[in-house]
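Dumping the structure here so I can ask a few things about it.
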Amino acid sequence: MAASDSDDVNLAHDDTADDDYFYLDDTDYDLHPPQASDSLDDDQLQGSDSRNDDDDDLLQSSDRHDDGDLDCDDNDDGDENALEEDDHDSPISGQNFSVLTEADIRHRIKDNIAEVSSVLSISKNEASSLLLHYNWSVSNIFDSWFADEKAAREKAGLFLEPLIESPDHGSSICVICFEDYPCDGTKSTSCGHRYCNDCWSSYIKTAIADGPQSLLLTCPHPSCRAAVGEDMVGLFASEKEKNKYSSYIVMSYIESKKMIKWCPGPGCENAIDFVAGSENLDVSCLCSHSFCWNCTQDAHRPVDCETVTKWMSKNSSESGNVNYILAFTKPCPKCKRPIEKNMGCSHMTCRAPCLYEFCWLCLGDWNNHGTCNRFKGNPEEEKREKAKQYVMKYTHYFERWATNQNSMKKGAADLQKVQTEQIEVLSRIQAQPLAQISFVTEAWKQIIECRRVLAWTYAYGFYLPEECEAKRNLFEYLQGQAESGLERLHDCAEKELLSYLKDKISVEGFIEFRKKLTLLTRVTRNYFDNLVTALQNGLSDVNSGSSSVSKKRKSNWVAAAVNAAPVLDTNINDDSATAPAAAASAMEPWACAYCSYKNQSSATNCAMCRRGSWTCNVCTYANSRTSATCAMCTEAPEP
């Protein structure tokens, strides 16, 4: 943005280092805007975003040449090689997202400004004003500029010629304070309206204090729309206000991108760049916080956002208290206040001032009470019993959800301890290189992820309709198998590892431990992959025609499933193996080890879930009758 006279040439520092101040300087201000539940629709998630090609190029090569003072990983500031290597790394990427640090965001901003400035042959201050008015869309700027440059300039408040003539010498009057100042004591933007330095300073400082709207600040003249940009802020704002203004620019850039969101982790200032069209909405930040891209709640795959919203709302509402009152209290027949039975006898006395005496069982007047052993239908009692069952059901699922959530958090703390302390101790005591001990870290990462998934499956189970009995049976079986595998893995990683941290174990013993933990990690991962896939498909493997089977037969399925799922042990007895050949030769109907459905003897695969008929003795996976090896762990059945 050019000044109106030669005295103000310092306002338009096109390519100076000061111009980069707003885009590269790190600030201590919280860059996060107020949190909002801005979920994206499915079409937005599947569609392409508004990022420019230069943003995509920056993902491949982020040359952060002057941000070596950022805290990156655990590099020592004195290690120049480490800093150089880190400076040339691209933003941390996942399969469906990239993590952008504040430095990465500022470089994207700087590149956008440089591109607009270069293509349109304007100053960087003018390019910045255009980007702010066009929501950081470089393509929209080019389209509007080349279609009608004058209209584009007017929209951004950029004028080629001053609106009023300003004197080149002598004095002028500031129309805010009406004081007479020499020309070098006043400044103006491209419009030519001149104000004294004190009034400019107060005007800009007040605007910055008011919030991000200061990015679109215009000339103080009531009818003038000339932009007041970074050049004026750089002249009249303090360092603290410059930092705040710089943080507003970063916030504006993130909020303008549909596919970029701030990480909601406490104190985190990173952003997540999501890949449009990705089916997996779970993302993880460098701060170790994982969340759902769509609803910004904690990562909850495979449960959908609607179920999570209902579950979290229920957990935080008073509905549980209401149901408890209905289930475990009775209203006084006289004053209707809820009363909880706290003694053994059925003679109840309401509190003062009511003091009504009645029978707990029939709610009759105690003074005229005889016996109440005869059955009489009572709608209120049925309602109370139904509420009691509902509370018991909610308590069952909530307790297991909360337990797994806590186990996940404890697992994250244990992983941190493993990475910072135990890995080095284990390497030293067992005389193993760090590369040979990475299986421990992988096991703990798998435990954390599986705890998270398992927790949300209990929210899924709570809302699974009771009438879908076949689906519930399959869900509970898959969930039970996955949970059993996870408990074995967690127990091995948490307890068996301790002995290897204290004393030197033989190489053969350590190799056996590594094989066992690696196998458990792989098997558990497969269990949970199957569980997640089944839930995401709505348990569609269940044959709806089989839901009318008798309860007696279904109890036989469950019993057969339990007997067909041996506990994983490295020392497997030959007697416990169930060979597929023996299963195939059986003439009696066989129960599917995967969903417990009882099939005809001639059936090759289960008629309900289309799975096989023999259970692997190592990982308990149900395989096809014709499979020679386990499809999950590749182990062959014992003869």
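Please specify each residue of region 355-396 satisfying the condition of being open to solvent by less than 90 Å² (accessible area, probe 1.4 Å), in a loop (DSSP other than H, G, I, E, B) and modelled with pLDDT under 85.
If the condition is that a residue be open to solvent by less than 90 Å² (accessible area, probe 1.4 Å), in a loop (DSSP other than H, G, I, E, B) and modelled with pLDDT under 85, then 360, 362, 363, 364, 369, 370, 372, 377, 378 are the ones that fit.
So which of 352, 299 is among the hydrophobic types (A, V, I, L, M, F, W, C) and modelled with pLDDT under 85?
352
Any idea which of 471, 495 is open to solvent by 50 Å² or more (accessible area, probe 1.4 Å) and over 26 Å from residue 516 (Cα atoms)?
Of the residues listed, the single one that is open to solvent by 50 Å² or more (accessible area, probe 1.4 Å) and over 26 Å from residue 516 (Cα atoms) is 471.
Mind listing just one residue for me: the one in region 189-218 that is among the aliphatic types (A, V, I, L, M) and in a helix (DSSP H, G or I) and, of those, farthest from residue 248 (Cα to Cα)?
204
Among the residues of region 217-250, write down those that are polar (S, T, N, Q), in contact (Cβ under 8 Å) with a residue 40 or more places away in the chain and out of contact with any Asp or Glu (no Cβ under 9 Å at 6 or more places or on another chain).
Passing the criteria: only 218.
Exactly one of these conditions fails for residue 231: (1) open to solvent by 40 Å² or more (accessible area, probe 1.4 Å); (2) within 16 Å of residue 128 (Cβ to Cβ). Give me its number.
Going through the list (1) open to solvent by 40 Å² or more (accessible area, probe 1.4 Å); (2) within 16 Å of residue 128 (Cβ to Cβ), residue 231 breaks only (1).
Identify all residues within region 268-283 that are small (Gly, Ala, Ser) and at pLDDT 85 or above; write none if there are none.
271
Further question: Can you tell me which residues in region 272-303 are within 17 Å of residue 450 (Cα to Cα) and not in a loop (DSSP other than H, G, I, E, B)?
282, 283, 284, 290, 291, 292, 298 - these are the residues of region 272-303 that are within 17 Å of residue 450 (Cα to Cα) and not in a loop (DSSP other than H, G, I, E, B).
Hey, another quick one. Do the conditions hold for residue 399, that is, is it within 30 Å of residue 355 (Cα to Cα), open to solvent by 20 Å² or more (accessible area, probe 1.4 Å) and not aliphatic (A, V, I, L, M)?
For residue 399, the condition - within 30 Å of residue 355 (Cα to Cα), open to solvent by 20 Å² or more (accessible area, probe 1.4 Å) and not aliphatic (A, V, I, L, M) - is not met.
Restricting to region 416-457, what's the tally of residues that are assigned to a loop (DSSP other than H, G, I, E, B) and either under 28 Å from the mean Cα position of the chain (by Cα) or surrounded by 13 or more Cβ atoms within 10 Å (Cβ to Cβ) (or both)?
Adding up the residues that qualify gives 1.
Can you tell me how many residues in region 170-181 are modelled with pLDDT under 80 and open to solvent by less than 70 Å² (accessible area, probe 1.4 Å)?
Of the residues in that region, 4 qualify.
Check region 327-348 and report whether any residue there is assigned to a helix (DSSP H, G or I) and either open to solvent by 80 Å² or more (accessible area, probe 1.4 Å) or modelled with pLDDT under 85 (or both).
yes
Do any residues in region 251-263 that are open to solvent by 10 Å² or more (accessible area, probe 1.4 Å) have Cβ atoms under 7 Å from those of residues that are part of a helix (DSSP H, G or I) and of a type in the set (S, T, N, Q), where the two are at least six apart or on different chains, and which pairs are they?
Qualifying pairs under 7 Å: 258/44.
Out of the residues in region 498-534 that are open to solvent by less than 40 Å² (accessible area, probe 1.4 Å) and of a type in the set (A, V, I, L, M), which is nearest to residue 427 (Cα to Cα)?
Once the filter is applied, the top-ranked residue is 501.
Taking residue 413 as meeting all but one of (1) over 25 Å from residue 536 (Cβ atoms); (2) more than 26 Å from the chain's Cα centre (by Cα); (3) among the small types (Gly, Ala, Ser), write down the number of the exception.
Exception for residue 413: condition (2).
Could I ask something else about it? Checking the condition open to solvent by 40 Å² or more (accessible area, probe 1.4 Å) and within 24 Å of residue 200 (Cα to Cα), which residue from 115, 126, 154, 149 passes?
Testing whether each residue is open to solvent by 40 Å² or more (accessible area, probe 1.4 Å) and within 24 Å of residue 200 (Cα to Cα) leaves just 154.
The values are calculated or read from the model by the stated rules, or taken from the named source; none is laboratory data. This structure is a prediction, so every number in the text was calculated from the model and none was measured. Cβ: placed from backbone, ideal geometry, glycine included. Neighbour counts: every protein chain shown. The area values use the complete protein model at the heavy-atom level, side chains included, leaving out ligands, DNA and RNA. Shrake-Rupley method; radii C 1.70, N 1.55, O 1.52, S 1.80 Å.
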